[in-house]
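No lab work stands behind these numbers, since they all come straight from the coordinates. Values in this document were obtained by computation on a predicted structure and should not be read as measured data. Backbone-built Cβ (ideal geometry, glycine too); neighbour counts: all protein chains shown.
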Amino acid sequence: MSEIPLVLGLDSGGSKTLAAVADPAGGIVMLAMAGGTGALDRPDWDDVLAGLLRRCLRPGLVAAALGLSSFGEVEASTARQTALVQDLLPCPALLRHPALLRNDVEIAFHGAFAGGPGILLLAGTGSMVWAGAADGTRIRVGGWGDLFGDEGSAYWIGREALARAAMALDGRQDGRAFASAVLAAIGAEAVDAREGGALLDWAYGLDHRRPAIAALARTVDAEAVKGDLLARDLLAAAADHLAMHVAAARRRLPGGATLPWSLAGGLFDSKTLTDLVVQRIGRDPLPARLPPLGGALLAAARAAGWPIDDGWIERVRASLLQARPT
């Protein structure tokens with residue numbers, strides 16, 4: 001009895017990484033999750049990625065598509081990512097088709113529009129737009145990293161929250177309640193003679209700086225929901241930056257003014273931020289056809305030569321919603 005052919009998809013992020021294996025009918029055979037695999041900020045990214053891929057290996061795999069954080073952006077880390085994947089997913093020894101390696105935002109774009117034109121705004125630990133026109137033109141906006149980019153991202157919000165909390169502790173601006181919320185989020189005492197020292201101890205003692213600081217975006221969102229003005233101003237500033245990404249893509253792409261747009265990334269779990277971004281863009285986002293992980297499975301299925309139609313895409317989407325990661 002011949003093996004059922006399978007494809008592997010992976011979506012890498014700064015805070016978590018998801019992988020799934022799908023069959024020709026669009027069913028999810030397995031869904032697995034691991035920690036962040038950002039090659040620029042996680043010293044252990046290769047061990048985490050290798051461990052996750054090994055968990056997904058099974059008879060019948062014919063193709064794979066991996067959306068990797070920062071892939072194609074820095075030559076040295078891209079070379080290491082490529083070598084690791086080629087070692088674990090060799091072709092033709094394991095796969096029938098060479099594994100596809102793409103930037104994680106490109107894969108998310110592929111899923112959101114099922115390969116069609118549009119503008120995808122992704123905001124998670126980092127931020128970036130990946131966009132494409134009907135004539136095949138593809139561009140990216142943002143995604144310059146935490147040193148001088150990623151404006152509006154969860155990391156940017158967390159970093160700004162720390163800065164504003166520090167200013168409030170100094171008395172350089174109002175916001176004592178906001179500072180107390182940030183201190184509570186990092187496990188420090190809200191009222192203590194060393195509260196500034198606790199902030200420094202936490203920030204400069206982090207092993208994995210980007211995801212830990214990005215997690216503070218949830219605190220900012222919670223305080224904004226409660227009505228804290230400083231938190232609301234911070235989310236409004238983030239929305240300004242994210243909307244500028246979309247505006248730049250519209251200006252640069254042929255026919256950009258009429259292209260649909262969509263959003264992806266954990267930061268948009270915040271209804272407050274999402275509403276602010278939509279207001280600034282002035283048009284509702286198109287619901288993504290597939291989540292980023294689904295985009296990876298779609299790319300792998302096409303690489304395998306499987307016949308893909310709207311029914312297959314919908315079955316993958318529904319199966320991913322029902323699946324529980326191991």
Which residue, S153, L259, I213, has the largest displacement toward the positive end of the dipole of the chain when charges sit on each Cβ (Lys, Arg +1; Asp, Glu -1)?
L259
May I ask you to compute the full-extension gain from R58 to A25, defined as 0.36 nm times their residue separation minus their alpha-carbon distance, rounded to one decimal in nm?
10.1 nm
Region 1-129: C-alpha gyration tensor shape, a/c 1.5 cut-off, then a/b vs b/c:
oblate
Quick one: putting +1 on the C-beta of Lys and Arg, -1 on the C-beta of Asp and Glu, what dipole do you get for region 154-281 around its Cα centre, in Debye to the nearest 20?
640
Hey, with R₀ at 56 Å, roughly what FRET efficiency would D170 and R324 work out to, going by the Cβ-Cβ distance, to 0.05?
0.75
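May I ask you to derive the FRET efficiency for A184 and V225 from their Cβ-Cβ distance with R0 = 22 Å, giving the value to the nearest 0.05?
Working from the Cβ atoms, E equals 0.90.
Treating only the Cβ of Lys, Arg, Asp and Glu as charged (+1, +1, -1, -1), what charge dipole size does the chain show about its Cα centre? Round to the nearest 20 debye.
Using Cβ point charges on Lys, Arg, Asp and Glu, the chain gives about 680 debye.
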Let me have the 222 nm mean residue ellipticity of the chain computed from DSSP H runs of 4+ only, each contributing -39500 (n - 2.57), with the sum over all residues rounded to the nearest 500.
-14500 deg cm²/dmol
Using only Cα atoms, find the angle between the long axis of helix 216-226 and the longest principal axis of the chain, and express it within 0 to 90 degrees, rounded to the nearest 10.
60
For a quick protection proxy, order the peptides 300-307, 204-211 by their average other-Cβ count within 10 Å, most packed first.
300-307, 204-211
Cβ-Cβ cut-off under 14 Å around L40, Lys and Arg +1, Asp and Glu -1: the net charge is -4
Charges at C-beta only: +1 for Lys and Arg, -1 for Asp and Glu. How large is the resulting dipole of region 23-145 about its Cα centre, in Debye rounded to 20?
280
Place a point 7 Å from the Cα of A177 along the Cα-to-Cβ direction; which residues of region 233-251 have their backbone N under 18 Å from it?
233-236
Once the dipole of the chain is set up with Lys and Arg at +1 and Asp and Glu at -1 on Cβ about the Cα centre, which of G197, A236, A323 lies farthest towards its positive end?
A323
Distance-filtered residues of region 57-86 - backbone nitrogen under 17 Å, label point 7 angstrom along A50 Cα→Cβ:
57, 77-86
With springs only between Cα atoms under 10 Å apart, run a GNM on the chain and tell me which of F71, F148, F178 wobbles the most.
F148
